[in-house]
Amino acid sequence: MHGSRQRGRSARAVTLTLALLSWAAGCGGVPASTAEAVDAPTRSVSSVRFADADVFVPPGPQERRAAIGPIDHLEPGLQSAFVETAQFKPVHPPEPGDWLYRVRERGQTFESYARSDANQPAKPGEGRDTIYILPIGDFPDGFIVEHERVVLVRSPAPEVLEDYAERFFAMPVEVLEPLAQDEVKVRTRVRHGRDQLYAPELLELLAPQVPVDGFCLIALTNDDLFADEAQEFSFGYASLTGRVGVYSFARYDPLFNGEERGEFFLDLILRRSLKIMAHEIGHMFGLEHCVHYGCLMNGAADLVETDRNPPFLCPVCLRKLQFATGFEPVPRYREMLEFYDEHELRDELRWLEGRLAFVTGEY
Ligand SMILES: [Zn+2]
Ligand SMILES: [Zn+2]
């Protein structure tokens with residue numbers, strides 16, 4: 001995919017948007033004319049300056065450290081998890097077409113996150129500690145039936161996503177009984193001959209179905225989505241505060257765009273699915289897009305950027321998630337390592353081995 005990458009605007013006519021019910025966070029491609037209000041002024045303290053209206057300036061080392069916040073008072077295990085190391089790369093300087101080239105995001109520091117009233121399961125008395133996955137349609141092999149074609153869309157089995165989410169968020173995750181595609185009656189539109197579901201209406205439909213002990217509910221669909229008339233499509237759509245989201249597998253399979261699948265297409269689909277799921281659930285913890293490091297929570301304008309963004313959280317975002325859930329870094333990394341080992345994703349495995357060596361001090 002990288003080899004045939006085009007940076008032209010036409011190749012960028014894709015939109016991945018994760019918008020939020022009560023305040024918005026973009027999650028991918030955006031309409032050219034409007035940048036989503038990612039950082040509501042009352043919710044976020046900027047740690048990044050813009051040299052002018054159009055240019056994103058990647059934060060320097062001091063700004064990155066400020067975004068992590070003071071860690072000297074933390075126990076050693078947490079200090080070593082949150083300190084910047086060479087394993088974390090500064091955010092990729094945006095090129096034309098990239099998310100940060102098109103959307104002005106100022107970033108969310110750890111401290112501004114901690115002060116926010118984000119959805120956080122570790123808050124006492126909430127009693128909501130399970131992440132629910134709701135499949136809509138058939139997985140891992142689904143069909144999209146459209147006007148002039150039927151497309152086979154491959155995705156990971158929901159149980160694989162469940163397993164990963166449990167390790168990533170260190171919380172119980174359960175897959176709910178699937179809904180049939182025709183049970184979901186929401187507005188649709190046709191774009192380039194493809195049917196697309198109107199994601200905000202889908203969330204309205206799903207919101208009452210979040211179980212009482214549900215921290216959040218993420219629905220999986222093979223149908224293509226749109227969240228805004230101005231957008232070509234949306235990979236996902238979720239609420240930061242409404243505890244409900246949806247994401248679509250339609251576009252991860254190269255077959256969707258009539259491309260060759262290639263020898264490693266299952267790995268490619270798995271990687272994309274894990275990243276976008278964790279990213280979108282991350283938003284439901286109140287995590288905004290990351291502008292400090294290469295990070296799972298970076299915005300992505302298209303699959304090229306999704307593929308480039310790391311599957312792991314940077315120190316700033318890791319600290320936010322740890323604040324939200326209270327996980328212990330070493331067991332969490334070990335659990336994730338086991339998953340990547342089982343699925344033979346070598347790059348991720350190596351990164352986690354290096355990470356564990358540092359965090360445990362066992363070089
Ligand atoms: Zn996002
Ligand atoms: Zn980050």
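Applying the set (1) closer than 29 Å to P61 by Cβ; (2) over 16 Å from the mean Cα position of the chain (by Cα); (3) surrounded by fewer than 20 Cβ atoms within 10 Å (Cβ to Cβ) to G294 leaves exactly one unmet item: (2). If only residues of region 298-316 that are more than 19 Å from L268 (Cβ to Cβ) and over 12 Å from the mean Cα position of the chain (by Cα) are counted, the one that is farthest from ligand 2 (Cβ to nearest atom) is P315. Of all residues in region 158-207, exactly one satisfies the criterion of being acidic (D, E), in contact with a Ser or Thr (Cβ under 8 Å, 6 or more places away or on another chain) and at pLDDT below 95, namely D195.
Pairing each residue of region 343-362 that is charged (D, E, K, R) with any residue that is outside any helix (DSSP H, G or I), provided the two are 6+ apart or on different chains, yields C-beta distances under 7 Å for E348/P311; R355/Q87.
The set of residues from region 307-317 being surrounded by fewer than 23 Cβ atoms within 10 Å (Cβ to Cβ) and in a helix (DSSP H, G or I) comprises D307, R308. Checked against (1) buried (at least 18 other Cβ atoms within 10 Å of the Cβ); (2) touching a Ser or Thr at 6+ places or on another chain (Cβ under 7 Å); (3) at pLDDT 95 or above, A300 passes all but condition (3).
Mind checking which residues of region 279-298 are more than 10 Å from ligand 1 (Cβ to nearest atom) and either part of a strand (DSSP E or B) or more than 11 Å from K320 (Cα to Cα) (or both)? Once the filter is applied, which keeps residues that are more than 10 Å from ligand 1 (Cβ to nearest atom) and either part of a strand (DSSP E or B) or more than 11 Å from K320 (Cα to Cα) (or both), region 279-298 yields I281, M284, V291, H292, Y293, G294, C295. All conditions in (1) away from ligand 2 (no atom under 16 Å from the Cβ); (2) under 14 Å from the mean Cα position of the chain (by Cα); (3) touching a residue at least 60 places away in the same chain (Cβ under 8 Å) hold for I269, with the sole exception of (2). Annotation: of all residues in region 204-227 being in a loop (DSSP other than H, G, I, E, B) and among the β-branched types (V, I, T), the one that is nearest to T306 (Cα to Cα) is V210. Filtering region 307-324 to residues that are away from ligand 1 (no atom under 16 Å from the Cβ) and over 13 Å from G69 (Cβ atoms) leaves only A324. Scanning region 262-278 for residues that are more than 14 Å from ligand 1 (Cβ to nearest atom) and of a type in the set (A, V, I, L, M) gives L266, L268, I269, L270, L274.
A230 meets the conditions (1) hydrophobic (A, V, I, L, M, F, W, C); (2) surrounded by 24 or more Cβ atoms within 10 Å (Cβ to Cβ); (3) in a loop (DSSP other than H, G, I, E, B) in every case but one. The failed one is (2). What's the total number of residues in region 84-106 that are closer than 15 Å to A300 by Cβ and of a type in the set (V, I, T)? Of the residues in region 84-106, 2 are closer than 15 Å to A300 by Cβ and of a type in the set (V, I, T).
Screening A25 on (1) away from ligand 2 (no atom under 16 Å from the Cβ); (2) modelled with pLDDT under 50; (3) of a type outside the set (K, R) shows it passes everything except condition (1).
Residues in region 322-350 that are among the acidic types (D, E) and either in a helix (DSSP H, G or I) or surrounded by 18 or more Cβ atoms within 10 Å (Cβ to Cβ) (or both): E335, E338, D341, E342, D347, E348. Selection of region 257-274 for residues being surrounded by fewer than 20 Cβ atoms within 10 Å (Cβ to Cβ) and either of a type in the set (A, V, I, L, M, F, W, C) or under 28 Å from A118 (Cβ atoms) (or both) yields F264, F265, L266, L268.
The values are calculated or read from the model by the stated rules, or taken from the named source; none is laboratory data. What you are looking at is a predicted structure, and each value in this text was computed from that prediction instead of being measured. No Cβ is skipped: glycine too gets one built from the backbone with ideal geometry, and neighbour counts run over all protein chains shown.
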